[in-house]
Amino acid sequence: MTAYLLKRLIIAALTLVLASMVVFAVMEILPGDPARLMLGLNASADQVEVLRNQMGLNAPLLLRYLHWVAGLLSLDFGRSYTYSVPVIELVRERIAVSLPLALIALALSTIIAIPVGVFSASRQGRAGDTLAMGAAQLGVAVPNFWFALMLIYLFAVWLRLVPAGGFPGWGAGIWTALKSLILPAIALALPQAAILGRVARSALIEVLNEDYIRTARAKGLPYRAVLWRHALRNAMIPVLTILGLQFAFLLAGTIIIENVFYLPGLGRLIFQAITQRDLIVVESIVMLLVAAVILINLLVDFSYAIVDPRLRGRQ
Amino acid sequence: MTMRIDLPEETLAGVLAKALGNRSFLIGLVITLLIVAVALISFLWTPYDVARLVIADKTQAPSWAHWFGTDHFGRDILSMIMVGARNSIAVALVAVGIGMGIGVPLGAFAAARGGLADEALMRLNDLVFAFPALLSAIMITAIFGPGAVNAIIAIGIFNIPVFARVARAGALAIWPREFILAARAAGKGMTRISIEHILPNIATLLLVQGTIQFALGILAEAGLSYVGLGAQPPMPSWGRMLFDAQTRMVTAPWMAIFPGMAIVITVLGLNLLGDGIADILDPKSRRRR
């Protein structure tokens, strides 16, 4: 198993390095001079040149890349051009909204999808299964931001149960803050749950046809125990794979959903940064999200080894 | 689980009979054709001119004159949805084209060559997968500015590794077969075998994946346009219409309801079609994403 884990770790590290090169290269070819941007239009060419030297912009390409990476590793992302504060401070503030949102959505989608998948698989072809999978088919087709708008209309405009948008901050009390994350989390979670539910169902159906399931039933184990203990565990690999992929979609989804609900998260920050051409902020957030995706996929790879004992024996 | 690719006992008539008996396929096909027809009709005729602003008619509720109501500029929502269908279909179609055009040769090459080339390709795949389509769109927009073309590129780039993976997996299953051995014995080269023998045998796999990516492309385009990274006004697009609707949810909910339903119906139709094709061509296959 060590060899398997080591290989995944090396691949993840390699991907991360390549990704950082891509992000750096993109920012390199962007038009616009950060020094000019910071000093404003009235600055003289000399002033700009002095600042360029101070910022290290005149150093050779490789040196600048290494400097940037070293900064990232020590959580020093540089200073925002427009806010004039370290980028890490902005990110820390915003991540306190985005991360809980993504995690609640992920948890919600798993809590909905797994029981639905088990329900459908155990009633394959019957009315309950058809209904659940019909709903899932519909769920896959619904764009999360439109679903969000409909939720706002129903629960915030009509029923007035939750706020339509905005975020009071965690200082306003956990419950108050959570209340404004409920609708965004549901909007993110349901379409993902539809995908996950379908995968869980088909993985389970495949496992339920295996000989060892028949053996477990034949030796007198109750159906429920076989379904939840034996079958579900063996169906976990495809489910975990999708869960990992979904995290990437969830992060992207968070960016859009935050704009629907006016949540002050990373998504809002990145769009503000784009319009203000605050490229160092864009660069940092993109790199952060890409690193998160790579890390989650690595964790998924590791979790295979926990779920599937066969992998533990290999090599 | 791998898809069975060879169906020697299948005849065209047999496949057709199966197709007519497959509910997913039929419903999906009807919806898809309907949407394509709507998009095509919009070139010739729409109930109202979407380029003309009639402020006197702004934000009118659905009525006989305007079935789906009007927007904040007095434009007819139904007409805008019709014209918007063009944009959605064009973006998603070209993005699938980019994905297939680059991804399939890469995947086929990796499968044929194996070894280092294969390993390198899979690592490149990992790299692209680390950038969700929205993130690449954000970076591309940061460079070139927002627009429909950049949305196509962003979604297309994301499609490349998807098709490369499907083509590689499909091709790997074909290469060990006898008829490939026969072709090699006949002196055919790697490229020729890939084109003449591998490609026809993985075509159905690619078709199913293409339908799925087409549906995902429509969702992605709507998302990008919604956040302002896709089609720019005045070009009507479903995502952009939803953006305009957002601040008017209380006064004009129809501005949000109908474009959203257009997206849902289109994506639903394409997914049903993809499921149907997969079922018809291989009854054992269950769709995986």
**Asked** Would it be correct to say that B:ASP76 is among the charged types (D, E, K, R), touching an Asp or Glu at 6+ places or on another chain (Cβ under 8 Å), on the phi < 0 side of the Ramachandran plot and surrounded by 15 or more Cβ atoms within 10 Å (Cβ to Cβ)?
**Response** no
**Request:** Would you check if B:ASP71 is of a type in the set (Asp, Glu), surrounded by 17 or more Cβ atoms within 10 Å (Cβ to Cβ), in contact (Cβ under 8 Å) with a residue 40 or more places away in the chain and more than 19 Å from B:PHE163 (Cβ to Cβ)?
**Result:** yes
**Complete:** Picked from segment A:269-299 (must be β-branched (Val, Ile, Thr) and more than 23 Å from B:PRO146 (Cα to Cα)), the residue farthest from the other protein chains (Cβ to nearest Cβ) is A:ILE296
**Item:** Residue satisfying all of: in segment A:208-254; surrounded by 12 or more Cβ atoms within 10 Å (Cβ to Cβ) and among the polar types (S, T, N, Q); farthest from A:ALA291 (Cα to Cα) among these
**Value:** A:THR215
**Item:** Test result for B:ILE263, aliphatic (A, V, I, L, M) and in contact (Cβ under 8 Å) with a residue 40 or more places away in the chain
**Value:** yes
**Prompt:** Can you name the residue in segment A:108-128 that is free of Cβ contacts under 8 Å to residues at least 40 places away in the same chain and in a helix (DSSP H, G or I) and is also nearest to the other protein chains (Cβ to nearest Cβ) among such residues?
**Reply:** A:ALA127
**Item:** Test: A:VAL23 is at pLDDT 75 or above, surrounded by 13 or more Cβ atoms within 10 Å (Cβ to Cβ) and facing another protein chain (nearest Cβ under 10 Å)
**Value:** yes
**Request:** Kindly establish whether B:THR204 is outside any helix (DSSP H, G or I), β-branched (Val, Ile, Thr) and either touching a residue at least 24 places away in the same chain (Cβ under 8 Å) or more than 13 Å from every other protein chain (Cβ to nearest Cβ) (or both).
**Result:** no
**Asked** Can we say B:MET249 is away from every other protein chain (no Cβ under 12 Å) and either outside any helix (DSSP H, G or I) or among the acidic types (Asp, Glu) (or both)?
**Response** no
**Message:** What are the pairs with Cβ atoms under 7 angstrom where one residue, in segment B:227-242, is in a loop (DSSP other than H, G, I, E, B) and the other, located anywhere, is among the charged types (D, E, K, R)? Sequence gap at least six, or different chains.
**Reply:** B:GLY230/B:GLU221; B:ALA231/B:ARG240; B:PRO233/B:ARG240
**Message:** Between A:VAL157, A:VAL140, A:VAL162, which is outside any helix (DSSP H, G or I), closer than 27 Å to B:MET241 by Cβ and either at the interface with chain B (Cβ under 8 Å from one of its Cβ atoms) or without any contact (Cβ under 8 Å) to a residue 40 or more places away in the chain (or both)?
**Reply:** A:VAL162
**Message:** Considering only residues that are more than 9 Å from chain B (Cβ to nearest Cβ) and either of a type in the set (A, V, I, L, M, F, W, C) or under 20 Å from B:GLY145 (Cα atoms) (or both), which ones fall in segment A:255-266?
**Reply:** A:ILE257, A:PHE261, A:LEU263, A:LEU266
**Message:** Need pairs with beta-carbon distance below 9 Å; first residue more than 13 Å from B:ILE81 (Cα to Cα) and within segment B:18-46, second among the small types (Gly, Ala, Ser) and surrounded by fewer than 19 Cβ atoms within 10 Å (Cβ to Cβ); sequence gap 6+ or separate chains.
**Reply:** B:PHE25/B:ALA19; B:LEU26/B:ALA19; B:LEU29/B:ALA19
**Request:** Please work out if A:ILE195 is under 18 Å from the mean Cα position of the chain (by Cα), modelled with pLDDT of 80 or more and part of a helix (DSSP H, G or I).
**Result:** yes
**Prompt:** Hey, does segment A:155-177 have a residue that's within 22 Å of B:VAL264 (Cα to Cα), modelled with pLDDT under 90 and either in contact with a Ser or Thr (Cβ under 7 Å, 6 or more places away or on another chain) or surrounded by fewer than 24 Cβ atoms within 10 Å (Cβ to Cβ) (or both)?
**Reply:** yes
**Prompt:** within 12 Å of chain B (Cβ to nearest Cβ) and not acidic (Asp, Glu), is that true of A:PRO238?
**Reply:** yes
**Asked** Residue check: is B:PHE163 away from chain A (no Cβ under 14 Å) and within 22 Å of A:ALA19 (Cβ to Cβ)?
**Response** yes
**Request:** Search segment A:119-161 for residues being among the hydrophobic types (A, V, I, L, M, F, W, C) and in contact with a Gly (Cβ under 6 Å, 6 or more places away or on another chain), and hand back the single one that is nearest to A:ALA200 (Cα to Cα).
**Result:** A:ALA136
**Message:** Please go through segment A:85-94 and give me each residue that is surrounded by fewer than 17 Cβ atoms within 10 Å (Cβ to Cβ) and touching a helix residue (DSSP H, G or I) at 6+ places or on another chain (Cβ under 9 Å), ordered by number.
**Reply:** A:GLU93
**Lone unmet requirement of (1) hydrophobic (A, V, I, L, M, F, W, C); (2) under 21 Å from B:ILE155 (Cα atoms); (3) part of a helix (DSSP H, G or I) for B:LEU199** = (2)
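The values are calculated or read from the model by the stated rules, or taken from the named source; none is laboratory data. This is a predicted model, so every value here is computed, not measured. FYI the Cβ positions are ideal-geometry reconstructions off the backbone, even for glycines, and counts take in every protein chain you see.
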